[in-house]
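Below is one structure, written out as structure tokens, with a few remarks after it.
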Amino acid sequence: MKKIYASILLLTALGLAILPAPLRAQGSYEIVTGKAFDSAMVKDFYLEGNAIPAEKRNAALLKTPAGARVLLAMIDTTGYSSQIQQKYEGLIISEGSFTVCGLKLGVGSFAFGHTKPAATSNEEMKLALYDQAGGKLGECAGKKDAAMSQPKPLQVVAGKGQPAKLYLGRYAFDLN
């Protein structure tokens with residue numbers, strides 16, 4: 001009887017070991033770096049008739065639990081109209097469906113901007129998402145993380161078995 005249980009346990013372990021990673025790690029996002037990140041990073045982002053430079057130093061590439069890649073990056077709107085500068089701060093390019101603080105995005109390219117509260121305030125930051133033509137898709141709120149020691153303009157934190165978080169400065173937005 002012990003041999004049967006040992007055989008079943010061994011077969012189960014082997015079966016789990018050969019499953020693709022997205023099936024083994026349901027709900028986990030993975031941060032992609034190195035050559036894969038460099039290959040996916042865009043130089044410019046075409047938005048409302050403008051090719052706006054993307055900032056590699058403020059970018060992140062994620063692999064979703066389903067295996068799709070999502071690129072998030074800040075864009076440099078210096079030198080563009082005040083309308084562009086006030087509306088847009090970053091880009092999202094997605095190969096699959098996911099949500100940003102509850103707003104569902106599919107395959108495609110999107111832009112985002114935010115309304116930032118005063119630095120001393122604990123109010124939420126409003127994040128607006130746009131399609132590539134500049135149409136507003138929705139808006140959501142991010143909570144301030146005062147415990148963050150060194151905030152960056154854009155960073156993504158991904159933990160095993162939990163949603164990833166997009167941080168814009170000290171403000172966090174869930175990615176599911």
>> I need every pair where a residue in region 64-84 that is assigned to a helix (DSSP H, G or I) has its Cβ under 8 Å from the Cβ of a residue that is of a type outside the set (Val, Ile, Thr), sequence separation at least 6 or different chains.
In response: ILE84/LEU47; ILE84/GLU48; ILE84/ASN50
>> in a strand (DSSP E or B) and over 16 Å from the mean Cα position of the chain (by Cα): is that true of LEU137 in this structure?
In response: yes
> Just for region 42-55: of the residues that are farther than 13 Å from SER109 by Cα and assigned to a loop (DSSP other than H, G, I, E, B), which one is farthest from the chain's Cα centre (by Cα)?
Replying inline: GLY49
>> Tell me yes or no: at least one residue of region 75-82 is within 14 Å of the chain's Cα centre (by Cα), surrounded by 21 or more Cβ atoms within 10 Å (Cβ to Cβ) and at pLDDT 95 or above.
In response: no
> Applying the selection to region 153-176, what residues are out of contact with any Leu (no Cβ under 9 Å at 6 or more places or on another chain) and surrounded by 15 or more Cβ atoms within 10 Å (Cβ to Cβ)?
Replying inline: ARG170, ASN176
>> List the residue pairs whose Cβ atoms are under 6 Å apart, where the first residue sits in region 148-176 and is closer than 18 Å to LYS116 by Cβ, the second is among the aromatic types (Phe, Trp, Tyr), and the two are 6 or more positions apart or on different chains.
In response: GLN155/TYR167; LEU166/PHE173
>> All but one of (1) closer than 16 Å to LEU175 by Cα; (2) touching a Phe, Trp or Tyr at 6+ places or on another chain (Cβ under 8 Å) hold for ASN50; state the number of the condition that does not hold.
In response: (1)
>> Taking the criterion of being surrounded by 15 or more Cβ atoms within 10 Å (Cβ to Cβ) and touching a Pro at 6+ places or on another chain (Cβ under 7 Å), would at least one residue in region 115-130 satisfy it?
In response: yes
> From the set of residues in region 35-54 that are in contact (Cβ under 8 Å) with a residue 60 or more places away in the chain and either touching a Ser or Thr at 6+ places or on another chain (Cβ under 7 Å) or not aliphatic (A, V, I, L, M) (or both), which is nearest to GLN85 (Cα to Cα)?
Replying inline: GLU48
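Every residue, every condition in (1) more than 17 Å from VAL157 (Cα to Cα); (2) among the basic types (Lys, Arg), yes or no:
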| position | (1), (2) |
| --- | --- |
| VAL42 | yes, no |
| PHE45 | yes, no |
| GLU48 | yes, no |
| ASN58 | no, no |
| THR64 | no, no |
| ARG69 | no, yes |
| LEU72 | no, no |
| TYR88 | yes, no |
| LYS104 | yes, yes |
> Within region 33-53, restricting attention to residues that are more than 17 Å from ARG69 (Cα to Cα) and small (Gly, Ala, Ser), which residue is surrounded by the fewest Cβ atoms within 10 Å (Cβ to Cβ)?
Replying inline: GLY49
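The values are calculated or read from the model by the stated rules, or taken from the named source; none is laboratory data. Since this is a predicted model, take the numbers as computed values, not measurements. Glycine also receives a Cβ, built like all others from the backbone with ideal geometry; neighbour counts cover every protein chain displayed.
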